[in-house]
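Structure first, commentary second.
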Amino acid sequence: MIKGLYIHIPFCDQICTYCDFCKMVTSDHTKKEYMKALVKELEYYSDLVSHIETIYIGGGTPSSLDDDLIEAFLDELETIVDMNSIKEFTIETNPNDITEKFLTMLKTHHITRVSMGVQSLNENLLNFLGRTHKPETVFHAIELLKKSKLNFNLDFLYAIPGQTKENLLKDLNFISEFKPHHISYYSLILEDKTVLNYLINKHKVEDFDDDKARDFGEIIDEKLISFGYEKYEISNYSLPEYKSKHNLLYWNLDEYLGIGLYASSQFNHIRMINPKKISKYLKEIEDKSLTMHQLEDFNPQLETLLVGLRKTEGIELDAYKEKFNQDVFTIYPELKKHLENKLLKIEEGRLKFTKEGMYLSNQVFVDII
């Protein structure tokens, strides 16, 4: 049963130096054509999404669209999805797109949660990352979000080249002061085909030291927990009752549908993905051939383990064995050595990372992929 709907908006006002998501800067005409195509794709799947529990509009930067274009799409969405069944409805935004009018429109259309990309409160680091907002823009956006009473998440990055411990502590003090409901705090990963990757490979920018990144990760954990947040996934923290319901669908390997450019879906024990090229996506929507998704490799035994271990609660060993008719250590004997080296532990019938294992998770993942 499909529980979640992901809607991809690939448009941005500017491309960040570190981003490898499916995104683009394009014309208003293309944006309008794309939003019409999204509605057509959504209509095709209307029988699958009529009673879903979560919706997530991501990107790209959905809030970079004109308010009228977003509102027109949300109007169509409400004719297809039973909003009474929705437990969480998230949209991603940039700080400089947050206005009182915008937030009022979101609430009118049943959106319950805003996820805002802050990344840092240091202006030099923001410029380095290619972000278009300034620290004071974030402060103003937070004031409007608090006034709106919407649930909100803030995205932050650490291990940014040039970032100091002082920069990090300033960001954490900001979190302590404003207490967002949810924090996603990611270590900056060097991705292929990004400006940042080029700069580091050409020795124009010095990569961030691994040991220092580990120290920053420990500081983040300690500080956020002391502020009252629960770490429930490798990079995600929430105040009580504010875990991301939509992201938990992914981490619990529940079924979901993705619409839009390069969006993936998972249901009926298969994973499918839409075209990555916008001209191909728009053409296939027009001639009604998009329904033949490209199939992706999907190994439920492996992915249940991978996403389950990302959660701090880990995976329930008996449930795993019942689902796949085999013990997880039989399928993946490599895991046993990580029990011995204390990266993994078994606690109350669950296999999970130790504190040390959380920081060195890639050592475990590499062994089982």
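Here the spin labels are modelled as points 7 Å beyond Cα on the Cα-Cβ line, and at Y45 and A319 they lie 2.4 nm apart.
Applying both filters, DSSP loop and at most 10 other Cβ atoms within 10 Å, to the GluC sites (Glu not before Pro) of region 260-364 gives E348. Amide hydrogen proximity for G130: with H placed 1.01 Å from N in the peptide plane, the residues at 5 or more positions away or on another chain lying under 5 Å are T17. Counting only DSSP beta bridges whose two residues both lie in the chain, roughly 40 percent are antiparallel. Counting only Cα atoms, region 313-368 measures 30, 22, 16 Å along its principal axes, largest extent leading. The Cα center of region 209-225 and the Cα center of region 163-184 differ in position by 12 Å.
From the alpha carbon centroid of region 39-97 to that of region 324-356 is 39 Å. The trypsin sites (Lys or Arg not before Pro) of region 307-367 that DSSP puts in a loop, and whose beta carbon has at most 13 other beta carbons within 10 Å, are K342.
R0 = 35 Å: FRET efficiency of D155 with I346, Cβ-based, nearest 0.05? Provide the component values of the computation, followed by the final result.
On the way: r = 33 Å, r/R0 = 0.93.
With a Förster radius of 35 Å, E is 0.60.
For region 223-239, putting each phi into the Karplus relation 6.51 cos²θ - 1.76 cosθ + 1.60 with θ = phi - 60° gives couplings of 5, 5, 5, 5, 7, x, 8, 9, 7, 10, 8, 3, 10, 10, 9, 9, 6 Hz, in residue order, rounded to whole numbers and with x for Gly and Pro.
To the nearest 20 debye, what is the magnitude of the charge dipole of the chain about its Cα centre, counting +1 on the Cβ of each Lys and Arg and -1 on the Cβ of each Asp and Glu? Don't jump to the answer; show the numbers that get you there.
Numbers: 44 positive and 60 negative charges, 51 e Å.
In total the dipole reaches around 240 debye.
For the chain, adding -39500 (n - 2.57) for each run of n ≥ 4 DSSP H residues and dividing by the number of residues yields -12500 deg cm²/dmol at 222 nm.
Laboratory data are not the source of any read-out in this text; all were calculated from the coordinates shown. Only a predicted model underlies this, so the values are computations on that prediction, with no experimental measurement involved. Cβ: placed from backbone, ideal geometry, glycine included. Neighbour counts: every protein chain shown.
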